1. Accessible area per residue, 1.4 Å probe, Å², for the chain: what's the number?
2. For segment 234-275, count all C-alpha to C-alpha pairs, find those more than 11 Å apart, and express that count as a whole percent of the total.
3. Please report the carbon-and-sulfur percent of the accessible area for segment 132-271; probe 1.4 Å, protein heavy atoms only, DNA, RNA and ligands left out.
4. Compactness ratio of segment 117-189: Cα Rg over 2.2 N^0.38 Å, N = residue count?
5. How do 256-264, 171-179, 215-223 rank on mean C-beta neighbours within 10 Å, highest first?
6. Which cross-chain or sequence-distant (5 or more) residues have an amide H under 5 Å from the amide H of residue 248, H modelled 1.01 Å from N in plane?
7. With labels modelled as points extended 7 Å from the Cα through the Cβ direction, what inter-label distance (nm, one decimal) is found for residue 206 paired with residue 85?
8. When ranked by the protection proxy of mean other Cβ atoms within 10 Å per residue, highest first, what sequence do the peptides 57-63, 157-163, 84-90, 186-192 form?
Amino acid sequence: MWNNFYARVDPESAPPSDVPEVVWRLGAIAADAGEQVVVELEGRLYALADLLGGGEGPTLAEVFDEWARWRGELDRLTADPAADSLDADAVRWLPPLPATATVVCAGANYAAHRSEMGEAAARPEFPYAFVKPRRSLSGHREQVEIPARAEWVDWEGELGVVIGSGGRDLEGASAAAAIAGFCQFNDVSARDWIDASRAAGMIDMFVQKGFDGFGPVGPLVTPSHFVADPQDLGLQLAVNGVVKQDSSTAQMTFSVLELVAHVSSVTTLRPGDLIATGSPPGVGFGRDPRERLADGDVVTLQIERLGPALETRMFAARSR
């Protein structure tokens with residue numbers, strides 16, 4: 001249980017023993033004004049503005065900036081929603097993160113993934129991480145380009161941690177309290193650049209990870225108080241319906257709280273920031289023979305308790 005996980009950090013700060021079923025999730029869709037915040041409730045999608053009685057409603061940035069208040073408000077609003085639902089199949093999904101979000105990715109955070117990539121499986125002294133450009137984020141069901149400069153494109157299904165209150169030098173209970181929720185994240189990677197980087201004696205993570213669209217995320221953020229234990233979530237990624245990754249967040253080398261502590265020891269975390277927690281084994285580059293994504297491939301990522309699967313369709317630049 002997440003509460004037990006929390007209690008191991010600070011027993012006096014542990015929340016109540018009963019973790020409720022997921023009641024609501026938060027996301028964003030495209031609208032005439034740019035962004036419309038939406039709330040999923042028991043499989044139905046509502047505009048937050050409609051739940052509030054009309055008007056423009058807050059932006060995602062405003063919701064995360066006052067996460068504690070909005071979490072309580074959404075608990076209240078979703079108890080008896082007085083609004084018409086939206087057609088979830090007709091909307092265009094946006095990344096469920098503010099435009100100002102910083103995206104920090106943990107690398108090689110599963111021992112079996114380190115092994116399949118030809119690295120030492122032993123636990124490192126500290127987490128390895130890199131920053132992914134905000135423009136690399138893409139929404140649910142969005143098409144992601146296989147760029148001409150990077151034909152060997154790979155998948156990496158990961159648990160995403162969305163920050164609520166933020167802060168610096170967060171540890172233990174303060175790290176847990178800073179988390180707004182969790183989401184699904186695919187750290188799409190241009191593997192062409194691995195061998196080239198190794199030959200040059202360096203690792204170019206920017207070119208390997210930074211192409212536009214190389215960070216499908218969502219469709220929704222599940223609040224942390226609905227997640228029983230972030231270190232015990234099943235994760236499954238499939239390409240064209242064929243399962244490629246089938247693992248659990250229990251296999252992480254560094255836990256969610258350790259990653260929050262590490263990242264916040266370097267930079268101040270802000271509301272809406274995302275920490276991706278690393279990929280389990282099963283990536284294409286680690287297979288024999290190696291596999292890669294191709295034009296028309298559909299990638300789906302499903303993490304336990306985090307709502308509908310994240311879907312991404314790949315297309316090749318040369319076939320546009």
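1. Values: 13910 Å² over 320 residues.
That works out to 43 Å² for each residue.
2. Values: 620 of 861 pairs.
The calculated P(r) of segment 234-275 puts 72 percent of pairs beyond 11 Å.
3. On the way: 2370 of 4800 Å².
So the carbon and sulfur contribution to the accessible surface is 49 percent.
4. Numbers: Rg = 15.9 Å, N = 73, 2.2 N^0.38 = 11.2 Å.
For segment 117-189, the normalised Cα radius of gyration comes out at 1.41.
5. Values: 256-264: 22.6, 171-179: 19.7, 215-223: 27.6.
Descending mean neighbour count gives 215-223, 256-264, 171-179.
6. Long-range HN contacts for residue 248: 235.
7. The answer from the label model is 4.6 nm.
8. Values: 57-63: 19.4, 157-163: 27.6, 84-90: 11.6, 186-192: 23.4.
Highest-to-lowest ranking by the protection proxy: 157-163, 186-192, 57-63, 84-90.
The values are calculated or read from the model by the stated rules, or taken from the named source; none is laboratory data. Only a predicted model underlies this, so the values are computations on that prediction, with no experimental measurement involved. Using ideal geometry, Cβ is built from the backbone for each residue, glycine included, and neighbour counts are taken over all protein chains shown. Keep in mind that these areas ignore ligands, DNA and RNA; they rest on the heavy atoms of the full protein, side chains included. Shrake-Rupley method; radii C 1.70, N 1.55, O 1.52, S 1.80 Å.
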